[in-house]
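Visitor: I am attaching a structure below and will ask some questions about it afterwards.
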Amino acid sequence: MGLQIPVLNKQDSAGQVEVNEAVFGQPFNETLIHQLVTRYLAGARAGTKAQKTRSDVSGGGAKPWRQKGTGRARAGTTRSPIWRTGGVAFAARPRNYEQKLNKKMFRVGIRSILSELLRQDRLAVSSDILPTTPKTKALYEKLKSFDAKRILIVVENVDENLALASRNIPYVQVIEAANLSPVLLVAADKVIATPGALKQLEERLA
C-alpha cells in the first residue's frame, strides 16, 4: 500500500499522487543520516593545503657555526623548525578527506531523509513549478505560496528557463533527481519535486 502526497499547483491542491511506502515511509535513522551528511561535506573539502618541511626549504647545507666555543646553542642546519627560515615541524600535506559509504547505506539514508521530510510536511509535489519563461519574477510568484526560507526544487532535468529564473533568488536551490544531495535535503525548509522527479526517485531508491 502506498502513501498519498497532495500535488500542489500555484493556488490550490490538484489531487493526490501515490508514492511507495518502502521509500517514503521509513523510520528516521539519525546516526546514518549524520554519517551520510558528514561524508558529503568531507568529500567536498579540497584537501590542497601544503606547507614545507625542513627537507623542502632551501639552504641549510652547511653548519651555521662550529659546535663549540661560540657561546651559542648548537646548530647543525638553518632548516630546523626553530629557525625563522626553517621548515614547519608538522607540515600540512595534500590529502583526500573522502569517506567510504556503500550504495545500500546511501539509499537507506536518502529514504530516511525523504520520509522525515514527508512526516514534517516539508515535502511537496508541484506539477506547475517549472517556469515557462526565464524571468525570475515568474518563478518567484510560484514560490511565494510555500512560505519557506530555503527551498530545494527537485526536477528530472534542469532546463534553461529554470536555471536562469532561479539563479537570482538566493534562498532557492535547484537539483536533478539523479544528483540528489543529502546536505541540500537536510538544509531545506521545503523540498518541492515535480511528479516526474518523484517517480525517478522512487525507481532509484526502491
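The values are calculated or read from the model by the stated rules, or taken from the named source; none is laboratory data. As the structure is a computational prediction, the values presented were derived from the model and not from experiment. Here Cβ is always computed from backbone atoms with ideal geometry, including for glycine, and neighbour counts include all displayed protein chains.
Visitor: Would you say Leu164 is modelled with pLDDT of 90 or more, surrounded by 15 or more Cβ atoms within 10 Å (Cβ to Cβ) and more than 17 Å from Val191 (Cβ to Cβ)?
Guide: Here the answer is yes, as Leu164 does meet what is asked.
Visitor: Check Glu98 against each of (1) outside any helix (DSSP H, G or I); (2) closer than 18 Å to Leu8 by Cβ; (3) charged (D, E, K, R) and name the one condition it does not meet.
Guide: (2)
Visitor: Could you check Ala188 against (1) touching a residue at least 60 places away in the same chain (Cβ under 8 Å); (2) surrounded by fewer than 19 Cβ atoms within 10 Å (Cβ to Cβ) and say which number it fails?
Guide: (2)
Visitor: I've got another one for you. Any residue at all in the range 144-153 that is assigned by TED's automatic domain parsing to the domain that holds Leu41, under 18 Å from the mean Cα position of the chain (by Cα), under 20 Å from Val108 (Cβ atoms) and surrounded by 19 or more Cβ atoms within 10 Å (Cβ to Cβ)?
Guide: Checked the range 144-153: no residue is assigned by TED's automatic domain parsing to the domain that holds Leu41, under 18 Å from the mean Cα position of the chain (by Cα), under 20 Å from Val108 (Cβ atoms) and surrounded by 19 or more Cβ atoms within 10 Å (Cβ to Cβ).
Visitor: If you go through the range 78-88 one residue at a time, do you hit one that is of a type in the set (A, V, I, L, M) and either touching a helix residue (DSSP H, G or I) at 6+ places or on another chain (Cβ under 9 Å) or outside any loop (DSSP other than H, G, I, E, B) (or both)?
Guide: No, the range 78-88 has no match at all.
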